[in-house]
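Novice: Sending over a structure as structure tokens; questions will come in a sec.
Derivation of every value follows stated rules applied to the coordinates shown; laboratory data play no part. If you're wondering where the values come from, they're calculated on a predicted model, not measured in any experiment. Here the Cβ positions follow ideal geometry from the backbone for every residue, glycine too, while neighbour counts run over all protein chains shown.
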Amino acid sequence: MAAKKKKGDAVVFLSAADIREFGIDELRAKLVEQRQQLMTARLKHAVAQLENTSALKGLRRQVARMATLLNEKELSGL
């Protein structure tokens, strides 16, 4: 899997092609994990402890990407 890794808070971003390889159950679990990371990053940002503020944008996009692909899989019945 080709993943991008950001410095600072060690956030890993997966490509859409990598996410498509996951099954529905695995994708749901990863989505919950990413939402948890996003919530943690938002809390750190609120108390000025987040070193890499661009991670918020990346996490938001990652969550949206995963939710979209999960919805596609559920609608197609795979």
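Novice: Please give the contour-minus-distance gain from Arg28 to Ser76: 0.36 nm per residue of separation, less the Cα-Cα distance, rounded to one decimal in nm.
Specialist: Extending this stretch completely gives an extra 15.7 nm.
Novice: While we're here: Can you tell me what the convex hull of the Cα atoms of region 3-76 projects to on average, as an area in nm²?
Specialist: 4.6
Novice: Separate question: Using Cα pairs closer than 8 Å and at least 6 residues apart in sequence, work out the relative contact order for region 3-76, in percent.
Specialist: 40
Novice: Provide Ile19, Ile24 in ascending order of the number of other Cβ atoms located within 10 Å of each residue's Cβ, fewest first.
Specialist: Taking fewest neighbouring Cβ atoms as first place, the list is Ile24, Ile19.
Novice: What list of ³J(HN,Hα) values in whole Hz, one per residue of region 43-53 in order, does the Karplus curve 6.51 cos²θ - 1.76 cosθ + 1.60 (θ = phi - 60°) give from phi, with Gly and Pro shown as x?
Specialist: Each residue's phi maps through the Karplus curve to give 5, 4, 5, 5, 9, 6, 10, 7, 6, 10, 5 Hz.
Novice: Tell me, in nm to one decimal, what length is gained between Ala67 and Ala16 on full extension, where the rule is 0.36 nm per residue of separation less the Cα-Cα distance?
Specialist: Length difference between fully extended and current span is 17.2 nm.
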